[in-house]
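Asker: Below you will find the structure I want to go over with you.
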Amino acid sequence: MTTTSISSKFKLFIGLLILFIGVPEYSHSQQNLASVNQALRYSRYSRLSLKIIPIQESDRSFLLQMPIEKIEENPDFDDYIFSYTVVSSYQEAITDEKMMVLTEEDLKYDTQNHFFFEKKVEIPMGQEFAIALLKVSDRRQGDEYFYHIDLISPFIFGHPDFGAYYGNNIPFDQSFLVQNEALLFKSNSVINLNRFYYPAKFEAPFPAMEIKSPPVSRQVEVEYEGDFLINTPRSFEKEGYYFIQSDTNSTKGLMIKTAPESFPRVGNWEEMTQMVVYISTRKEHESLLEAADKKIALDQYWIGLTKNEEASKDLIREYFRQVEFANILFTDFKEGWKTDRGMVYIVMGPPNEVRFGIDDEVWSYGSMDSNSKINFTFTRVKNILTPNYYTLNRSRALQPAWFKNITVWRSGKMDF
């Protein structure tokens with residue numbers, strides 16, 4: 001038999017195989033927002049951090065501000081493929097034809113810390129859902145970063161008709177602002193903005209398996225701080241959160257969470273005693289909170305867990321690294337470590353899989369083929385302050401995995 005005939009038969013076999021089993025499902029044409037794994041959004045080793053900040057110019061017209069934070073040092077624009085689109089549902093296919101590629105010519109600014117794009121979009125009349133999607137593909141290793149936000153949906157009240165900016169004209173893209181720092185507000189449609197201050201304090205959430213509801217305050221304290229002109233820097237002195245509106249009769253506005261200069265890191269011994277609640281027994285935590293000298297009490301606490309001073313130093317470093325990431329990723333009107341997603345992130349680590357639906361976000365731990373894979377489901381709740389507010393679906397079924405991870409933490413062997 002000749003080499004040519006062997007090659008022809010092999011090609012025929014491959015063709016028949018594809019005919020029977022189909023094309024692999026990792027084809028880009030098969031992707032949609034409900035199916036793509038967005039775990040890179042929460043990875044500790046991401047090279048970029050994506051954001052879409054919509055400014056609503058009319059009922060169905062939006063200016064999409066797309067700042068992309070450079071996490072890796074001195075990234076090369078050509079190492080990435082940047083693209084965006086607007087889809088009408090979480091099930092709509094994200095095809096290559098639908099994605100609009102962003103080139104260097106589309107860059108509004110390229111700063112030391114950001115690539116920044118800006119594009120206007122119009123949503124057709126009658127379209128009930130509109131979700132803006134930003135996608136960045138890393139040419140070097142094939143990683144795909146996604147970020148999406150609802151423009152029109154039942155879960156949002158609308159978007160502000162103004163923007164907030166740093167001094168270099170990059171949009172305010174963080175989840176918090178350090179106290180006394182200033183932002184510049186701009187708008188093409190209004191002259192004055194109104195500022196409300198909420199001096200709220202929040203407790204840490206209940207564990208993942210605690211099914212009773214936490215107490216909810218019936219009253220929220222708020223202070224109206226008057227109006228101010230746009231196009232002038234405005235600082236935020238108090239710790240808490242602010243709500244900025246152009247129209248006080250509207251539900252649309254921008255929430256700005258303020259934090260101490262040390263944030264997102266732990267600031268003092270008092271904070272540290274609060275933050276260890278997730279891996280402590282109730283008795284241990286009460287003792288720490290009541291201790292007159294928090295530093296001595298915490299030293300005894302950490303060494304008591306590992307029975308080894310060097311191991312306790314590694315444990316402290318790793319635990320508060322998780323707290324820092326939780327604060328960066330999940331801060332809204334609460335500090336990130338006090339949110340449900342922040343709590344799960346600290347205890348369980350970064351999820352292996354993250355998938356979004358219109359009304360939920362599901363985190364999976366364990367390999368895709370593992371029978372021990374466990375899911376944490378966060379339900380989306382409509383909230384005037386943020387379009388991305390989620391609460392954990394608590395269940396006693398989560399208890400074994402939860403306690404297992406806490407045991408690993410307390411042994412000093414947790415490593416992400």
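Asker: Give the cross-link partners of residue 382 among the lysines, using a straight C-alpha distance below 22 Å as the criterion and excluding same-chain residues fewer than 8 apart.
Answerer: The reachable lysines, counting only those whose Cα sits under 22 Å from residue 382, are 51, 201, 212, 252, 257, 334, 338.
Asker: Of 246, 304, 189, whose Cα points farthest to the positive end of the dipole of the chain (charges on the beta-carbon: +1 Lys, Arg; -1 Asp, Glu; origin at the Cα centre)?
Answerer: Towards the positive end, the residue furthest out is 304.
Asker: Continuing with the same structure: Need one value: the accessible area of residue 340 in square angstrom, 1.4 angstrom probe, rounded to the nearest 10.
Answerer: Around 20 Å² of this residue is reachable by solvent.
Asker: Per residue, what accessible area does the stretch 277-416 have, given a 1.4 Å probe and all protein chains present, in Å²?
Answerer: Dividing the accessible area of the stretch 277-416 by its residue count gives 48 Å².
Asker: From the list (1) 24.1, 89; (2) 23.5, 80; (3) 21.4, 63, can you say which value of Rg and Dmax of the Cα atoms in Å was derived from the structure given?
Answerer: Checking each listed value against the structure points to (1).
Asker: So, one more: What are the ³J(HN,Hα) couplings of the stretch 63-70, residue after residue, when phi is run through the Karplus curve with 6.51, -1.76, 1.60 and θ = phi - 60°? Round to Hz, x for glycine and proline.
Answerer: 9, 8, 8, 10, x, 10, 6, 8
Asker: May I pose another question? Once you have a ≥ b ≥ c as the square roots of the Cα gyration tensor eigenvalues for the stretch 97-197, tell me rounded if a/c is under 1.5, and otherwise prolate or oblate according to whether a/b is larger than b/c.
Answerer: oblate
Asker: Right, next: Counting Lys and Arg as +1 and Asp and Glu as -1, each charge on the Cβ, what is the dipole of the chain about the Cα centre in debye, to the nearest 20?
Answerer: Details: 45 positive and 57 negative charges, 245 e Å.
The dipole magnitude comes to about 1180 debye.
Asker: Could you tell me the center-to-center distance, by alpha carbons, between the stretch 82-96 and the stretch 160-217 in angstrom?
Answerer: Each part reduced to its Cα centre gives a spacing of 28 Å.
Asker: Ignoring GluC sites (Glu not before Pro) that are buried or in helix or strand per DSSP, and keeping those with at most 11 other beta carbon atoms within 10 Å, what is the longest stretch of the chain between them?
Answerer: 262-416
Asker: Hey, another quick one. Quick check: at a probe of 1.4 Å, how many percent of the accessible area of the stretch 127-182 sits on carbon and sulfur atoms?
Answerer: Here it works out to 46 percent.
Asker: Per residue, how much accessible surface does the stretch 16-159 expose to a 1.4 Å probe? Answer in Å², no decimals.
Answerer: Counting only protein heavy atoms, the per-residue value for the stretch 16-159 is 51 Å².
Asker: Looking at 147, 67, 102, which one has the Cα that reaches farthest to the positive end of the dipole of the chain (charges on Cβ: Lys, Arg +1; Asp, Glu -1)?
Answerer: With unit charges placed on the Cβ atoms, the residue in question is 147.
Asker: OK, next. Select from the stretch 110-191 those trypsin sites (Lys or Arg not before Pro) which occupy a DSSP coil region and have at most 15 other Cβ atoms within 10 Å, ordered by residue number.
Answerer: The qualifying sites are 139, 140.
Asker: Trypsin sites (Lys or Arg not before Pro), restricted to the stretch 212-245: which are DSSP loop and have at most 15 other Cβ atoms within 10 Å?
Answerer: Numbers: sites: 212, 218, 234, 238; in loops: 212, 218, 238.
When the trypsin sites (Lys or Arg not before Pro) of the stretch 212-245 are filtered for loop state and at most 15 Cβ neighbours within 10 Å, 212, 218, 238 remain.
Asker: Name the residue from 356, 328, 400 whose Cα lies farthest towards the positive end of the charge dipole of the stretch 282-416, charges +1 on Cβ of Lys and Arg and -1 on Cβ of Asp and Glu.
Answerer: 400
Asker: Given +1 on the Cβ of Lys and Arg, -1 on the Cβ of Asp and Glu, and no further charges, what dipole in debye does the stretch 23-137 carry about its Cα centre, rounded to the nearest 20?
Answerer: It comes to approximately 420 debye.
Asker: Step through the residues of the stretch 332-341 one at a time and calculate ³J(HN,Hα) from phi using the Karplus curve (6.51 cos²θ - 1.76 cosθ + 1.60, θ = phi - 60°), rounding each to whole Hz and writing x for Gly and Pro.
Answerer: Once θ is set to phi - 60°, the couplings for the stretch 332-341 become 10, 7, 9, 4, x, 5, 8, 8, 4, 5 Hz.
Asker: Which of 292, 208, 326 ends up with the largest GNM mean-square fluctuation for the chain, with Cα atoms connected below 10 Å?
Answerer: The residue with the greatest mean-square fluctuation here is 292.
Asker: How big is the charge dipole of the stretch 249-383 about its Cα centre, in debye rounded to the nearest 20, if each Lys and Arg gets +1 on its Cβ and each Asp and Glu gets -1 on its Cβ? Please report the intermediate quantities before stating the final value.
Answerer: Working: 18 positive and 21 negative charges, 76 e Å.
So the dipole magnitude of the stretch 249-383 works out to roughly 360 debye.
Asker: In addition: List the residues, sorted by chain then number, that are 5 or more residues from residue 177 or on another chain and whose placed amide H is less than 5 Å from its amide H.
Answerer: When sequence neighbours closer than 5 places are left aside, the close amide H contacts are 257, 258, 259.
Asker: Helix-derived [θ] at 222 nm for the chain: sum -39500 (n - 2.57) over DSSP H runs of at least 4, divide by residue count, nearest 500? Please report the intermediate quantities before stating the final value.
Answerer: Values: 7 runs with 92 residues, N = 416.
So the helix-based figure for the chain works out to -7000 deg cm²/dmol.
Asker: Still on this structure, please answer the following. Quick one: what are the phi-derived ³J(HN,Hα) couplings along the stretch 100-113, Karplus 6.51/-1.76/1.60 with θ = phi - 60°, whole Hz, x for glycine and proline?
Answerer: 9, 6, 9, 9, 4, 5, 7, 5, 7, 9, 10, 9, 4, 10
Asker: Okay, next question. Sort 396, 47 from largest to smallest accessible area, using a 1.4 Å probe on the heavy atoms of the protein chains.
Answerer: Solvent-accessible surface, decreasing: 396, 47.
Asker: Which aspartates and glutamates, if any, have their Cα less than 19 Å from the Cα of residue 307, not counting same-chain residues under 8 positions apart?
Answerer: Within the straight-line limit of under 19 Å, residue 307 reaches these aspartates and glutamates: 284, 299, 318, 415.
Asker: Sticking with this structure for a sec: Could you give the distance between the Cα centres of the stretch 225-264 and the stretch 290-333, to the whole Å?
Answerer: Between the Cα centre of the stretch 225-264 and that of the stretch 290-333, the gap is 32 Å.
The values are calculated or read from the model by the stated rules, or taken from the named source; none is laboratory data. Just so you know, these numbers come straight off a predicted model, no measurement behind them. Methodologically, a virtual Cβ is constructed for each residue, glycine included, from the backbone with ideal geometry; neighbour enumeration extends over all protein chains shown. Surface areas here come from the heavy atoms of the whole protein model, side chains and all, with no ligands, DNA or RNA. Shrake-Rupley method; radii C 1.70, N 1.55, O 1.52, S 1.80 Å.
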